[in-house]
1. Among the residues of region 31-66, write down those that are in a helix (DSSP H, G or I) and open to solvent by 80 Å² or more (accessible area, probe 1.4 Å).
2. Quick check on my filter: what residues within region 21-30 are of a type outside the set (D, E, K, R) and either touching a residue at least 60 places away in the same chain (Cβ under 8 Å) or open to solvent by 50 Å² or more (accessible area, probe 1.4 Å) (or both)?
3. Could you tell me whether region 3-20 includes any residue that is assigned to a loop (DSSP other than H, G, I, E, B), out of contact with any Phe, Trp or Tyr (no Cβ under 7 Å at 6 or more places or on another chain) and surrounded by fewer than 17 Cβ atoms within 10 Å (Cβ to Cβ)?
4. Considering each of N44, N16, N50, N33 in turn, give the residue that is without any contact (Cβ under 8 Å) to a residue 40 or more places away in the chain and at positive phi.
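The values are calculated or read from the model by the stated rules, or taken from the named source; none is laboratory data. All of these numbers come straight from a predicted model, not from anything done at the bench. Note that each Cβ is placed from the backbone with ideal geometry, even for glycine, and that neighbours are counted across all protein chains shown. Ligands, DNA and RNA are excluded from the accessible area calculation, which covers all protein heavy atoms including side chains. Shrake-Rupley method; radii C 1.70, N 1.55, O 1.52, S 1.80 Å.
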Amino acid sequence: MSLKTIQNAIGKKIRNLRMANNLSQEQVSLEVNISRDHLSNIENGKFPINIKTLYKLACFFEVDFEYFFVGLKH
């Protein structure tokens with residue numbers, strides 16, 4: 001599995017969580033202290049996400065950190 005495929009899968013999970021909670025990118029980005037544009041790029045798989053931001057998102061959405069990696073194969 002390529003890094004790009006992993007980025008896309010994690011970004012999709014973040015977007016799905018955000019939409020399931022009826023939140024805007026602006027609302028989520030303020031909570032995790034990143035720009036809305038950066039969150040958009042993460043959701044679209046354009047930028048890799050760092051561990052710190054991924055951890056903040058897991059805490060914000062109240063999901064296990066591992067949630068973002070379920071279903072990914074190496």
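1. Of all residues in region 31-66, those in a helix (DSSP H, G or I) come to 31-32, 36-43, 51-61, 65-66.
Hits for region 31-66 are E31, R36, D37, I51, K52, Y55, E66.
2. Going residue by residue through region 21-30, those that are of a type outside the set (D, E, K, R) are 21-25, 27-30.
Passing the criteria: N21, N22, Q27, L30.
3. Our first condition is that a residue be assigned to a loop (DSSP other than H, G, I, E, B); within region 3-20, this holds for none.
No, region 3-20 has no match at all.
4. Values: N44 fails: at positive phi; N16 fails: at positive phi; N50 fails: at positive phi.
The match here is N33.
This table checks each residue for (1) out of contact with any Asp or Glu (no Cβ under 9 Å at 6 or more places or on another chain); (2) among the acidic types (D, E); (3) at pLDDT below 95.
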residue: K12; (1), (2), (3): no, no, no
residue: L23; (1), (2), (3): no, no, no
residue: Q27; (1), (2), (3): yes, no, no
residue: K56; (1), (2), (3): no, no, no
residue: E62; (1), (2), (3): yes, yes, no
